[in-house]
1. For segment 1-89, with only Lys/Arg (+1) and Asp/Glu (-1) charged at the beta-carbon, what is the dipole magnitude about the Cα centre, in debye rounded to 20?
2. In the structure shown, do any of LYS282/LYS449; LYS556/LYS614; LYS264/LYS449; LYS21/LYS41; LYS126/LYS180 have a Cα-Cα gap over 24 Å, and if so which?
3. In Å, the Kirkwood hydrodynamic radius of segment 3-142 over pairs of distinct alpha carbons?
4. How high is the relative contact order of the chain, in percent, counting Cα pairs under 8 Å that sit 6 or more residues apart?
5. Kindly provide the helix-only [θ] at 222 nm of the chain, computed as the sum of -39,500 (n - 2.57) over DSSP H runs of four or more divided by all residues, to the nearest 500 deg cm²/dmol?
6. So in the chain, what percent of DSSP beta bridges are antiparallel if you round to the nearest 5?
7. Taking the Cα centre of segment 3-142 as the origin and placing charges on Cβ (Lys, Arg +1; Asp, Glu -1), which of GLN36, LEU114, VAL16 is farthest toward the positive end of the dipole?
8. Taking the Cα atoms of segment 324-458, what is the range of coordinates along each of the three principal axes, in descending order and whole Å?
Amino acid sequence: MKINISQLTPADLNAVDELMKRYSQWLGFLPREALQSYLEKGTVLGAMTDDGQLVGYLLYADRYDYFRITHLCVLEEYQRQGIAKQLLNDLKGLANTQKVIKLNCRRDFPANNLWHKLGFVALDEKPGRSKEGHLLTIWHFMLAPEDQLQLFQAETSDETLDIIIDAQIFFDFYEPDSDKTKPSKTLLADFLVDSLNLRITDELFNEIHRHNDPEHREESRHKANNFLRVEADLHLVEDFDKLLRKFLPSHKRSQESDIRQLAKAAASNVNTFVTRDRNLLKKSEEIANRTGLEVIDPVNLIIQLHELSERQSYSPNRIAGLNLWWHRLESKDLASLPFDSFLEHQETIGKFRQKLDALIAQPNHYECELLRSGNEIIAIRVLANSSDKMLAIPLARVAFSANRALFGRFLIADTVSKAVEKNLDMVKFETSALTSSLIPDLLEMGFLKYSDHFVRFCFSRCLGRHEVLSAISKLYPESTRNYQDMSDLKLERYCSPLDLEATNQRHFLIPIRPVYAMGLIDRQQSANDLFGGNPHVLLRWDNVYYRKVNRHKMIKAPGRILWYVSSPSQQIIAMSHLDEVVIDTLKELFRRFKKFGILEWNDLYKMCDHNPLKELMALRFSHTFLFREPISLEVLKSVFEANGVGLSLQGPLQLSSKVFHALFQKGYPN
């Protein structure tokens, strides 16, 4: 039977009152006048059957920055059907300025075992007001980061390894020394202080809540509050929770908590989860492939850190001399295609082959491409021919490999770039045949998730805010509300390479040598070069460009960059978003950005005149797109002359919005 959730009105007073009285032993009693007031304020959600029977309700108080649940009630015969979760999800959808849902529940009530299943965290407890003083658990569900929590939430570090510890590691820290607890306790050793940052997820508080001893709970909560908590994307938490349940057991409450910890860890900016749980460690490879989260035990982590500390210099993770190219799948490729490398969890080769064959069989509608690295096929994508300004990808798979994450992000970025190249406005990835490890990268790169696909807009023209929202509404009406509340800067990034009029940011023209352009931004030039650029740099969504410190007061983020390639090319080839400008010593910059950029230590050492304490400037940029029409020096001069501006290409130039718009339109003619 279908259950409909809706806002109740004063006409529903008798039905709500009857249901409340039926369960007043656990809900407590509210006078009819109080129920009437809640109904008049519109703060009661009801669950109705098709024939109009009220089978559940959620009564709440609506405050500026939080909701407080007073009653959540479901008829016994309708329980365990997901109705409580439906009511809660509708309440979440009403949030505007609210950042948290709060409630108090007696610890000895059956309902106290429900809240953690709905994603709530037991942050504290206090005595109730009754004569007996029964303990009340204080439950919170975070809708958005609270300002007062920012000081206690973890920012990832560029210099040390950030790890999330599970509950067992945390409890080991305070247990007597033994062979079992020593590996965990070593994570607190002095020699690892500069190598590790220890974090927790708030699910740890639910693990603490399960202990029967109130003094133990209070002491453990106090200790847990000394650790920084990671901040997780709430939508991603739910996605990863569902994903993990497909292959991890969830019969016991401890297993449920394991899944919630892993989901919150995977949805954060920290990539390493440390545990002693052998069952989780046995699944570590699958967890990594499907969520991007490395699950490791304390012993192996310590050994790896020690090996790293003994190396004299940083050894970049690169594939030198790699030949990388897309080509359309031919019949001869099917015989050698490693189907098993592209399978999802519990998917058979037969099922995957069926999906692929159905698309290959319609070459006039679909173009199947293979991404090759040397002799290996490392990715598959299918592009749908569309005439409605949209590039659809009904299938996208990345093979299992050491560089799966790198190639996955490249597949996404390259697909968006392909849409821009074709002057399309929208990219849509279908979820039915998508490598699950691509999901967090899709979200990070500006895609929004809908029921069975991910969508991103990629307007390559100058538009006003109203024009952008109007275009979005025409292309994909159901997505409009997701973009309406975005700031101008966020809207421009989520729809890049869009040039949004009247944004409060700076615009720059930055000269770059051809050899650096080939390594950082120009994939076309890299493909034509015998040796090519370094793929670990060229394939990144974000990168770093180093310069000597000059005009540093002018160059500030956020901003937009036009890349002018100097002689012999002498043309503007691409644009990027400027995310950060960092001025520091060579030593500090190299340590922070060693995974970015194309320059090695020796290159930077020469740039700073062989003085490692000399300051350099690092420009961190992202959202790089090649122009459809590179802008020649002759055209560049004409635009500057038309705007009465002198042109000098000896160093970075700050551009007026008018000049930037004019050059943008030259690069992306429509």
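1. Details: 9 positive and 11 negative charges, 55 e Å.
Using only the charged Cβ atoms, the result is roughly 260 debye.
2. LYS282/LYS449; LYS126/LYS180
3. Computed over Cα pairs of segment 3-142, the Kirkwood hydrodynamic radius comes out at 15.5 Å.
4. Rounded, it is 7 percent for the chain.
5. Numbers: 27 runs with 232 residues, N = 670.
Calculated at 222 nm, the ellipticity per residue is -9500 deg cm²/dmol.
6. Counting only bridges with both partners in the chain, antiparallel ones make up about 75 percent.
7. LEU114
8. 36, 32, 30
Bear in mind these aren't lab numbers, they're just calculated from the coordinates by the rules spelled out. What you are looking at is a predicted structure, and each value in this text was computed from that prediction instead of being measured. Because the Cβ atoms are built from the backbone with ideal geometry, glycine has one as well, and the counts that use them run over all protein chains shown.
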